[in-house]
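Have a look at the structure below before the remarks.
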Amino acid sequence: MEFEGALQLKIEKIIRSRVYETRYWKEECFGLNAETLIDKAVELDAIGGQYGNQVPTPFLCLVLKLLQIDPTPDIVLEYIRDPEFKYLRALGAFYLRVVGSPVDIYTELEPLLNDARKLRRRMPGGAGFDLTFMDEFVDQLLTEERVCDVILPRLPKRYILEDAGELEPRVSAIQDEFDAMVDAEDAARKDGGSDADMDVDEEVRDEDGSAPPQPHDDDDSRDDGEVPRSPRAAPVDPDVDLGKVKVSKKKVAKLFKDKSGASSSKPKSKAREEAPAGGDSDDGGAPSGGFRDSMSIEETNAMRIKLGLKPLRE
């Protein structure tokens, strides 16, 4: 059997001791009940836990007072559903989060996510105040484990209660607007798709405005293995194999004639100097280990006959 005021134990002992020692608790919270506490809640100008040298805020003092007097659920719901006094609503929401059941917490606090009114929050460490919003404060109550320096009871995830059949799936307040926006995007995508198909059929042109040459796939005169020529002639490759290039017979004859004439005009003394030192060349004999300066008449005539030319005269 619980004693009167047992809900106070939901707040840590060290915080309760600090609250009992504050001047606000001794002067303002003495003799309050569920009705007269409303006047004190309306006078609040900020929410928060502790500030400065671990001094509890008036908001935290009133939370502890609510836990002490333990009002009926109908009174707490009137605090939460009050549309005029935002700090009274914040006080009732915090109290319900501490003592309420998970189903009641989700049912009563989720509609407050549509309340975008501003709230002042006392910062810890004596840093003054900052600005927050009612929906942000309620979201902290539903998602975080510690709010306003108070460790909140464990709250099951919403989808667990939905799977158990205790809660209905939540419908967002902006669901209708979201559905309308999705429908508008789908309609715009369909209209844009037809325009894109027309753009694909347009011919691609060069920078000067002329159309690029189109390949002729039905040309039977070209072999399958032949590479199509480019519009511009490519430069001649310096590494091309000249032995495979066709040369006229007159050019070949002239080439051999110039070579034989240059070799005959070369002095014999210079040819001996260029011969290798190990060669045995005596009395104009052919060197055994060197190279020949020119081709003989027989070799020249044999090559000319292969090329279809007339032999040279001896």
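Are there any pairs, at least 6 apart or on different chains, whose C-beta atoms fall under 7 Å, with the first in segment 102-130 and basic (Lys, Arg) and the second part of a loop (DSSP other than H, G, I, E, B) and surrounded by 13 or more Cβ atoms within 10 Å (Cβ to Cβ), and if so, which?
Every condition considered, the pairs that remain are ARG120/ALA46; ARG121/ALA46; ARG121/GLY48; ARG122/ALA46; ARG122/GLY48; ARG122/THR57.
Which residue out of THR143, THR132 is under 35 Å from the mean Cα position of the chain (by Cα) and over 27 Å from THR72 (Cα atoms)?
Being under 35 Å from the mean Cα position of the chain (by Cα) and over 27 Å from THR72 (Cα atoms) holds for just one of THR143, THR132, which is THR132.
Results for (1) basic (Lys, Arg); (2) part of a loop (DSSP other than H, G, I, E, B); (3) within 23 Å of GLU145 (Cα to Cα), shown as yes or no for each residue.
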{"position": "GLN8", "(1), (2), (3)": "no, no, yes"}
{"position": "ILE14", "(1), (2), (3)": "no, no, yes"}
{"position": "TYR20", "(1), (2), (3)": "no, no, no"}
{"position": "LEU44", "(1), (2), (3)": "no, yes, no"}
{"position": "LEU66", "(1), (2), (3)": "no, no, yes"}
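Select from segment 54-93 the residues that are farther than 13 Å from GLU108 by Cα and charged (D, E, K, R) and write down the one among them that is surrounded by the fewest Cβ atoms within 10 Å (Cβ to Cβ).
Among those that are farther than 13 Å from GLU108 by Cα and charged (D, E, K, R), it is GLU84.
Give the residue, chosen from LEU152, LEU161, that is of a type outside the set (Gly, Ala, Ser), at pLDDT 90 or above and farther than 30 Å from ILE15 by Cα.
LEU161
If you take just the helices (runs of 4 or more DSSP H) that sit entirely in segment 94-167, which of them hold at least 1 residues that are open to solvent by 20 Å² or more (accessible area, probe 1.4 Å) and within 21 Å of GLY48 (Cβ to Cβ)?
134-143
Hey, can you tell me all the residues within segment 20-30 that are open to solvent by 30 Å² or more (accessible area, probe 1.4 Å) and within 54 Å of the chain's Cα centre (by Cα)?
Within segment 20-30, TYR20, GLU21, TYR24, TRP25 meet the criteria.
Here is a yes/no grid of residues against (1) among the acidic types (Asp, Glu); (2) closer than 14 Å to ASP45 by Cα:
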position: LEU113; (1), (2): no, no
position: GLY126; (1), (2): no, no
position: PHE129; (1), (2): no, yes
position: GLU136; (1), (2): yes, no
position: LEU141; (1), (2): no, no
position: CYS148; (1), (2): no, no
position: LEU152; (1), (2): no, no
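If I ask for residues that are open to solvent by 50 Å² or more (accessible area, probe 1.4 Å) and touching a residue at least 60 places away in the same chain (Cβ under 8 Å), which ones from segment 36-52 would you list?
Across segment 36-52, the qualifying residues are ASP45, TYR51.
Going residue by residue through segment 168-191, is there one that turns out to be over 17 Å from GLY92 (Cα atoms), in contact (Cβ under 8 Å) with a residue 12 or more places away in the chain and surrounded by 15 or more Cβ atoms within 10 Å (Cβ to Cβ)?
no
What's the number of the condition ASN33 fails, among (1) surrounded by fewer than 14 Cβ atoms within 10 Å (Cβ to Cβ); (2) within 44 Å of the chain's Cα centre (by Cα); (3) of a type in the set (S, T, N, Q)?
It fails just one condition, (2).
The values are calculated or read from the model by the stated rules, or taken from the named source; none is laboratory data. Keep in mind that what you see is a predicted model, and the values were worked out from it rather than measured. When we count neighbours, we look across all protein chains shown, and the Cβ atoms used for this are built from the backbone with ideal geometry, even at glycine. Side chains included, ligands, DNA and RNA excluded: accessible areas come from the protein's heavy atoms. Shrake-Rupley method; radii C 1.70, N 1.55, O 1.52, S 1.80 Å.
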